[in-house]
Amino acid sequence: MKASRSFCVMTFALLMVALFAIAGRETSAQMNKGSGFLGGWCAQGNPAKQASISRNGAFLTLTNENGDASIGNFQGSNQIVAPGWQFVTGTLSGDGSQINWSNGTFWARCTNGGVGNKKLNLNGIWYPNGNRSLQCSIQQHRNVLNFQNETGQRGTGTFNGKRSISTNWSGTTIGGKVSADGNRIDWDNGTYWIRYRVY
């Protein structure tokens, strides 16, 4: 009886090891397969409408021209689906230069060099000093920025460099330096805002 139980336990353990090995190979293959989606894109081929796709573990993070983000799941060898955007599906062209979306839109590779040369997109919800219980927001329209801090106070601003912004809060001017990934702003008054990627 004991020998039989040991045999069952050993068989189960070997089966689990084999399943994890197979899952690991599939995840690795998926990650390699998805590399064609990564980088900067231009919605409808318009350089003023910057979008991007980045790696997030076994998934992708898709950010559209409005700063809205969705997780990206692989579907087939050259397709991804975005659950956060009503499950729209994107198909990568054979040469990797375009993603055709099932809603009739497309993203094309930016001809101006992609992510490296694009203006940062600061749209979205931000957290003062990383505190998730408090929210700030930024609405960006080209070079014009509209802010709302955690107390509801509103301000305006503009870019005065690739990663430098100047803001005006009812006559008080505060400058900010944006991190390279665009998800942190260090303010001149010693505070900072962080934008978390939830996926």
Problem set entry | For the range 124-194, the Rg and Dmax computed from alpha carbons only, in angstrom | 11.0, 31
Exercise. What spacing in nm lies between the two simple spin-label points modelled at ARG142 and LEU38, each 7 Å away from Cα in the Cβ direction?
Worked result: 3.4
For this session: Measure off 7 Å from each Cα along the Cα-to-Cβ vector at SER102 and PHE59, then give the distance between these two points in nanometres to one decimal.
Result: 1.7
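Restricting to Cα atoms and excluding each atom paired with itself, what does the Kirkwood estimate give for the range 39-117 in Å?
Numbers: mean 1/r = 0.0807 Å⁻¹.
After inverting the mean inverse Cα-Cα distance, the result is 12.4 Å.
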Problem set entry | Phi-based couplings in Hz for the range 152-158 (Karplus 6.51, -1.76, 1.60; Gly and Pro marked x) | x, 5, 10, x, 10, x, 7
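Quick note: the coordinates plus some simple rules give every number you see, no bench work behind them. Keep in mind that this is a model prediction, so the values were computed, not measured. Cβ sites come from the backbone with ideal geometry, for glycine too, and all protein chains shown count toward neighbours.
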